[in-house]
Amino acid sequence: MAIKQKLFNAPLVLSFGSGAGKILSKVSLSDDYYKLAVNSSERDLSIIENDVDVVICCGSGRGSAMEPQQGRLDLSTRLSVLFNKIDDIRKETKIKEIDLLPAIFSLGHGFGSGSLELALSSLKEKYKDALLMPFVITPFTWEGNSVIRRAYEALSKGCKVHTCFVISNEQVGAGCKDVSSSYEKINSHIGNLISIMIRSFSATDGLLQTVDKSDLSSFMSGDLATVRHVRIKSADDLNVETIKHIAGERWLKVVYKAFKPAPPKLKVFYIMDGRGAFSISSLEAVQQYISDKEYVDTSKLKPLLIQRNKDCDFVWMESGFNLAIDSNVYGVY
Ligand SMILES: Nc1nc2c(ncn2[C@@H]2O[C@H](COP(=O)(O)OP(=O)(O)OP(=O)(O)O)[C@@H](O)[C@H]2O)c(=O)[nH]1
Ligand SMILES: [Mg+2]
């Protein structure tokens with residue numbers, strides 16, 4: 001049987017850090033995909049071992065002691081092992097070129113924070129044709145200033161290498177009363193969202209409107225991006241209210257000076273993947289909603305539309321935010 005052509009080849013998902021590994025364990029994809037968890041804690045890797053495909057233990061195996069510098073060093077000793085694993089997966093899946101490379105980082109302590117810049121720059125260098133999709137998890141404010149500072153310092157270096165999708169624990173977990181339930185909820189939430197994005201980007205059929213790698217790459221601009229998602233029964237149920245609901249509250253809070261001095265306009269990209277009539281009126285409503293926003297650069301708006309028999313996922317992404325590292329950001333983000 002002929003293998004159907006995928007929109008993008010995205011055969012693997014990576015995680016760096018203990019929190020990121022727990023999120024990766026919640027990513028649910030078919031057996032065609034590989035989940036690779038990279039961390040310096042042997043114990044934390046053993047906890048998720050059965051839910052991922054490959055674990056790579058770096059450094060001493062005892063964690064990076066909340067020291068990003070140590071985390072970076074620990075990763076550097078095992079980068080070649082990571083590349084070998086990725087190349088093995090490429091051979092096994094008979095994929096010549098990886099189009100999309102999603103990676104999750106948990107920021108605030110040692111390994112995830114220390115890995116971000118090094119992992120992004122070396123993956124970018126090694127897999128030149130792949131589009132990176134970094135998801136960075138930022139800490140809760142209750143964790144304190146040193147954790148937040150470490151996360152921001154890591155992010156400030158990482159986002160110079162590549163636009164990062166920020167997912168704030170504080171924002172996603174808003175409304176949860178206790179930490180254990182919020183971690184559970186957040187991990188499932190983010191894991192689910194990443195799975196949906198990968199499944200949409202590697203769709204084989206039902207593609208009504210496709211995007212190219214260059215479309216996606218031109219969407220990613222500035223330091224930071226954000227992503228939100230809503231699931232509806234069918235595309236017919238998509239209306240301005242639903243869009244407002246997901247567009248209203250972002251998963252990141254950054255200092256974003258919309259119109260001063262000049263408007264660094266946000267880029268918007270959306271995916272509609274699922275059943276429904278994809279009516280002209282609902283598509284018009286989305287386009288209109290976006291075009292009405294002065295802070296949005298609509299010149300390159302090209303959605304990914306996939307019509308297939310499943311609940312309809314609407315994924316909304318914005319990029320072009322700047323990360324301002326100053327004292328105001330700490331605690332306000
Ligand atoms: N969403 C989510 N965030 C987590 C979880 N565990 C930790 N975090 C967040 O991730 C940040 C970094 O923590 P870890 O991932 O445990 O740190 P690490 O990168 O393993 O660092 P070291 O253990 O010092 O090497 C924390 O400050 C938390 O905000 C989790 O299960 N889910
Ligand atoms: Mg750890």
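Return the aspartates and glutamates within reach of Lys124: Cα separation strictly under 20 angstrom, same-chain partners fewer than 8 residues apart disregarded; answer none if there are no such residues. Filter leaves Asp74, Asp87, Asp88, Glu97, Asp99, Asp212, Asp215, Asp223.
For the residue pairs Lys35/Lys233; Lys6/Lys126; Lys35/Lys302; Lys26/Lys85; Lys126/Lys185, the C-alpha atoms sit more than 25 angstrom apart in Lys35/Lys233; Lys35/Lys302; Lys126/Lys185.
Projecting label points 7 angstrom from Cα along Cα→Cβ for Ser291 and Glu97 puts them 3.3 nm apart. Going from the fewest other Cβ atoms within 10 Å to the most, the residues His109, His189 appear in the order His189, His109.
The residues Val55, Val81, when put in order of fewest to most other Cβ atoms within 10 Å, stand as Val81, Val55.
Counted by neighbouring Cβ atoms within 10 Å, the residues Met133, Met66, Met220 run from fewest to most as Met66, Met220, Met133. Short-range pairs are left out: with C-alpha atoms under 8 Å and at least six residues apart, the relative contact order of the chain is 17 percent. Toward the positive end of the charge dipole of segment 12-201, with +1 on the Cβ of Lys and Arg and -1 on the Cβ of Asp and Glu, the farthest Cα among Ser181, Asn39, Met133 is that of Met133. Rounded to whole Å, the principal axis extents of the Cα atoms in the chain read 58, 56, 38, largest first.
Give, as a single signed number, the net charge of other residues whose beta carbon lies under 12 Å from the beta carbon of Ser106, with Lys and Arg counted +1 and Asp and Glu -1. In short, 0.
Excluding same-chain neighbours fewer than eight residues apart, the lysines reachable from Lys4 by a Cα-Cα span under 21 Å are Lys91, Lys94, Lys96, Lys213, Lys310. Per-residue ellipticity at 222 nm, computed for the chain from helices alone with -39500 (n - 2.57) per DSSP H run of at least four residues, works out to -11500 deg cm²/dmol.
Bear in mind these aren't lab numbers, they're just calculated from the coordinates by the rules spelled out. From a predicted model like this one, the values you see are computed outputs, not experimental measurements. Positions of Cβ are generated from backbone atoms using ideal geometry, with glycine treated the same way; all protein chains shown enter the neighbour counts.
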